[in-house]
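Comments concern the structure below.
The values are calculated or read from the model by the stated rules, or taken from the named source; none is laboratory data. No experiment lies behind these values; they were computed from the predicted model shown. Cβ: placed from backbone, ideal geometry, glycine included. Neighbour counts: every protein chain shown.
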Amino acid sequence: MSNAARLHLALERISSLFRSELRASAVAHDLKLVQLEALIYFANANRYSDTASALTEYLGLTKGTTSQTIQALERRGLLEKHADEHDGRVSHCKPTAAGAAIVDEAFPMKWAPTSGADLAGAEEAAVQLLARLQAARGQRSFGQCSTCQLFERNGSRFRCGLTGEPLTKRDSLAICREHAA
Ligand code: SF4
């Protein structure tokens, strides 16, 4: 079997294991898998990316599914929407305290007995592989802000080179729709 074939099978098994664990977490909270995935996304997205359209793109959903998912989470009191300060047509979605508690339980997946060193190596390889696959398909990377080509650091101060706006430490750890890999 070639390296490419072994990699294919390994990624397929990891993906299956991952979704199975996530589905079990969703069921435990009486949520659909997509609803839990949306909560996890919004808990990790920065202020340029915590919108319905970004979620649609990130999860590869239809607009209808995105809208139903967000409405269901709002009805459950797990997600709340805030109008954008500058553009009333845009709403930002944030998990409520109850939604954030569910995310904390479900994400990230518990990796024991894998060691921290194993995880660091695996994370770097996975992020690089994902970046190449996304670039080859012309997809957005949705990467972590601090790894963006437009991320500017001046001592302990951070700034977005795209918008010119200051970024907090928390912003620097969030994922962004505009991330330049
Ligand atoms: S620096 Fe890049 S990832 Fe960070 S907010 Fe700006 S565009 Fe997004």
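Here is how the numbers come out for the structure above:
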| read-out | value |
| --- | --- |
| Residues of region 161-171 classified as closer than 18 Å to residue 92 by Cβ and of a type outside the set (A, V, I, L, M, F, W, C), total | 6 |
| Condition met for residue 56 (crowded, with 17+ Cβ neighbours inside 10 Å and among the β-branched types (Val, Ile, Thr)) | yes |
| Residue selected from region 22-74 under the condition assigned to a loop (DSSP other than H, G, I, E, B) and either of a type in the set (Lys, Arg) or not assigned by TED's automatic domain parsing to the domain that holds residue 97 (or both), by the criterion nearest to residue 91 (Cα to Cα) | 47 |
| Single unsatisfied condition, residue 142 versus (1) part of a helix (DSSP H, G or I); (2) touching a residue at least 60 places away in the same chain (Cβ under 8 Å) | (1) |
| Residue list for region 155-172, filter: within 9 Å of the ligand (Cβ to nearest atom) and either aliphatic (A, V, I, L, M) or assigned to a loop (DSSP other than H, G, I, E, B) (or both) | 161, 162, 163, 165, 167 |
| Subset of region 129-154 [within 20 Å of residue 59 (Cβ to Cβ), of a type in the set (Lys, Arg) and more than 13 Å from the ligand (Cβ to nearest atom)] | 137 |
| Residue within region 78-86 that is assigned to a helix (DSSP H, G or I), at pLDDT 90 or above and assigned by TED's automatic domain parsing to the domain that holds residue 23 present | no |
| Boolean, residue 100 is exposed (fewer than 11 other Cβ atoms within 10 Å of the Cβ) and of a type in the set (A, V, I, L, M, F, W, C) | no |
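Let's see how each residue does on (1) of a type outside the set (Gly, Ala, Ser); (2) within 16 Å of the ligand (Cβ to nearest atom):
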{"site": "26", "(1), (2)": "no, no"}
{"site": "33", "(1), (2)": "yes, no"}
{"site": "41", "(1), (2)": "yes, yes"}
{"site": "97", "(1), (2)": "no, no"}
{"site": "103", "(1), (2)": "yes, no"}
